[in-house]
Amino acid sequence: MADPRKVVIDGEEFEFDPDLTVLQACEEAGREIPRFCYHERLSIAGNCRMCLVEAVGAPKPMASCAMQVKDLRGGRDGEPPEIRTNSPVVRQAREGVMEFLLINHPLDCPICDQAGECDLQDQAMAYGKAGSRYTEHKRAMAEISLGPLIKTHMTRCIQCTRCVRFATEVAGVPEMGCTGRGEDAEIVSYLDAALVSELQGNVIDLCPVGALTSRPYAFRARPWEVSKTQSIDVSDALGANIRIDTEGVAVRRVMPVNNDAINEEWISDKARFFIDGLARQRLDRPYVRENGKLRAASWEEAFAAIRAKLEGIDGAKVGAIAGDLVSVEAMWALKSFMGQIGSPNMDCRQDGAHLPADNRAAWLFNPTIEGIEQADAILLIGANPRLESAVLNARIRKAWLGGTEIGLIGPVADLTYDYAHLGDDASALGSVMGSDFADTLKNAERPMIILGGAALTHENAAAIMGGAMALAGSVGAIADDWTGFGVLHSAASRVGGMEIGFTPEQGGKDTGAMLRDMDVLYLLGADEIDVPAGPFVIYQGHHGDRGAHRADVILPSAAWAEQSGLYVNLEGRPQLANRAASPPGEAREDWAILRALSERMGEPLPFDTIEQVRKAIFEAAPHLARIGAIEPAQWRAEAGGSAASGAFTSVIRDFYFTNPIARASEVMAACSKLHEERSGVPMAAE
């Protein structure tokens, strides 16, 4: 930081970093500065003029967002520059700006979804004045179609350009722009096409006036009518902090919660909009298969059918597979149950990912999400971050904008930033050191290597992981203060399952072997696998998806938003998802179902509350008790084995259909259809 500079604000003297804007300096001094176009994470536009302040000696008020402290001029006798934030001149200027902004704004507040949480409403009350001197007819703008997620009312738009800057700078998909001048200025999409970015929903939060609102949420509820619950997004492994708004038993919307260490203030469209799937295709009562058909049953009948199948069976012929959305408590309860029946067969890696159970460094995102911005060279191996974690991909783009160079081994894809493509095949990993990108990695102070899902599920995954870890060591990515090797997961439950050891025990079998060799399979929300004919299948889950279709007994459980649960994100950061709604019908919490089943089996599990479950978890893995904190892994490289070869295959075929809740969502279906229609369609002169 440069030498601090003294500035007098409203009669008080302060010292600030000269690179700060005047607006930031005023806020550090505790002064509130209204704004519409300014946003901390976007570039400066300086076009709304609401942030006007008075600089003593200046001929007129100035936009505080667009001037830096170092540009202020002091007095002729060496006095520090003086800023006034609430003088009569400033108040009159802000009233004038507000009057201009409201010239064409319609009186939509009674029917506007933004009402109650609208910046324009709040600032008109705080900084505006009653009445207007303008009597001309209001301008009306045509609505634009941005797709199934965003509803537009462009007559309300004040051309702050937040949406344009977000799409261009953060999302990296420049699909919006401002055309025209003066009263003809308007925000439009490129060629009037619908948006296809996986982060487009964030413009709803950014819009300060209700010009862009949520289409699925339109006219559903007012802000003061909903209950707000802090939770965690489970649509990917990032662990984005969210707020779930519920009205009665219905989940109305999901909003991002700011957390600079994880998601900043962004969430993906899947996290925001897949919630309508919570109300569709739900399992709300137990089922038992008789004569080849599932019939509704009572809990006692379902438990009796399971007991009849498990009594006397060899525990080695029983396996358990956990899905991508289940909590740590649910996996712990199932692990305890499997221990009681003498089964060593359990796995939280339903996609068959190669993750060494005894090496945390081999399945954590060791550099941390914030560490992405510290890296000056990143090599992606078998990863497509845009599909596997859209918000993390935006963080990589942010680093790229800051000068970080990116390399990719894997299929060519639009990742929203430029990269050096080193090859499609896994064999390219062996030739990295002979490529031009090798010098980039070696010369970097903090190089980073990210292993994605396509690498983890590759037929030579062990060799790829060993080679990637060896490469990290050879290019200087492993140091005392930097571990530049990270694994990019796409399943919210994956790291939590690894942390508590929901993996094959001594003599146990993994997912692939269980699908071949088991007589009984217990699927805990596992919907991404095809179970062959033969084994007796117990499915515990919340949607009538693939797992339920194959089941012989169905135990209906609560979805993630309907029960409290501990989740561990890809960094190894434990976080709590709190219960926001109630499960439908006879569905129950996951841990409670397993506790009741164990009692029917004659050996109740040693807990009666979720607090007791967590106590047992924290005794076995004490670092999970430190909610929000990361326990760094001790670095240990895996053996490289033989050279890997073979093409990478993406683990995500459709970004919008990666879990049973999303597949039940009508909104996600509309997004998937639009994406399919837009894929490969040339735009303009392409």
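The values are calculated or read from the model by the stated rules, or taken from the named source; none is laboratory data. All values reported here derive from a predicted model rather than from experimental measurement. Methodologically, a virtual Cβ is constructed for each residue, glycine included, from the backbone with ideal geometry; neighbour enumeration extends over all protein chains shown. Note: areas computed on protein heavy atoms with side chains; ligands, DNA, RNA excluded. Shrake-Rupley method; radii C 1.70, N 1.55, O 1.52, S 1.80 Å.
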Listed residues TRP332, TRP266 arranged by accessible area, highest first, probe 1.4 Å: TRP332, TRP266
Rounded to the nearest 5, what % of the DSSP beta bridges within region 1-99 are antiparallel ones? 85
Taking all pairs of distinct alpha-carbon atoms in region 1-73, Kirkwood radius in angstrom: 12.5
Give me the three principal axis extents of region 1-131 from the C-alpha atoms, as integers in angstrom, largest value leading. 54, 30, 22
Pulled fully out, how much extra length does the chain show between LYS60 and CYS109, if you take 0.36 nm times their separation in residues and subtract their Cα-Cα distance? 14.3 nm
5 angstrom amide H check on ARG588, placed H, neighbours 5+ away: SER557, ALA558
Within region 226-256, the residues whose backbone N lies under 15 Å from a label point placed 7 Å from the Cα of HIS675 along the Cα-to-Cβ direction are 235-237
Whole-number value, in Å³ per residue, for the convex hull of the alpha carbons of region 504-544 is 79
Backbone HN-Hα couplings from phi across region 258-263 [Karplus 6.51/-1.76/1.60, Hz, Gly and Pro as x]: 5, 8, 4, 7, 10, 10
Check VAL537: other-chain or 5+ apart residues with amide H under 5 Å from its amide H, H built from backbone geometry? LEU521, ASP552, VAL553
Which net charge results for the neighbourhood of TRP224, defined as the other residues with beta-carbon distances under 15 angstrom from its beta-carbon, given Lys and Arg at +1 and Asp and Glu at -1? 0
How many nm is it between the label spots at ALA316 and THR135, if each spot is 7 Å from the Cα in line with the beta carbon? 9.5
For VAL487, which sequence-distant residues (separation of 5 or more, or a different chain) have an amide H within less than 5 Å of its own amide H, given hydrogens modelled in the peptide plane? LEU364, PHE365, ASN366, LEU451
Stokes-Einstein diffusion coefficient for region 551-686 at 25 °C in a medium of 0.890 mPa s, Rh from the Kirkwood formula over Cα pairs: what value in µm²/s? 124
What residues from region 511-554 fall in the zone where the backbone N is under 19 Å from a label point 7 Å along the Cα-to-C-beta line of GLU300? 554
Can you run phi through the Karplus equation (6.51, -1.76, 1.60; θ = phi - 60°) for region 119-136 and list ³J(HN,Hα) in whole Hz, with x for Gly and Pro? 4, 5, 4, 4, 6, 5, 6, 7, 10, x, 9, 6, x, 8, 8, 9, 10, 5
What's the carbon and sulfur percent of the chain's accessible surface, probe 1.4 angstrom, rounded to a whole number? 48
Using a 1.4 Å probe and counting only protein heavy atoms, arrange SER389, SER227 so the residue with the most accessible area comes first. SER227, SER389
Take the Cα coordinates of the chain, assign each an equal point scatterer, and use the Debye formula without solvent to give log10 I(q)/I(0) at q = 0.09 Å⁻¹. -0.85
Solvent-accessible area per residue for region 546-686 at a 1.4 Å probe radius, Å²? 46
Normalising by the residue count of region 95-173, find the relative contact order in percent from Cα pairs under 8 Å and 6+ residues apart. 34
Solvent exposure of region 28-124 as accessible area per residue, Å², 1.4 Å probe: 51
Counting other Cβ atoms within 10 Å of each Cβ, which GluC sites (Glu not before Pro) in region 396-500 have at most 12 and sit in a DSSP loop? GLU445
Relative pair counts by distance (%), Cα atoms of region 136-236, 10 Å bins: 14, 44, 29, 11, 2, 0
My understanding is that a pair violates if its Cα-Cα distance is over 32 Å; which of LYS228/LYS398; LYS70/LYS442; LYS270/LYS335; LYS442/LYS673; LYS335/LYS442 do that in this structure? LYS70/LYS442; LYS442/LYS673; LYS335/LYS442
Relative contact order computed over region 1-103 (Cα-Cα under 8 Å; 6+ residues apart), in percent: 30
The aspartates and glutamates whose Cα lies under 20 Å from the Cα of LYS138, excluding any fewer than 8 residues away in the same chain, are GLU95, GLU99, ASP108, GLU183, ASP184, GLU186
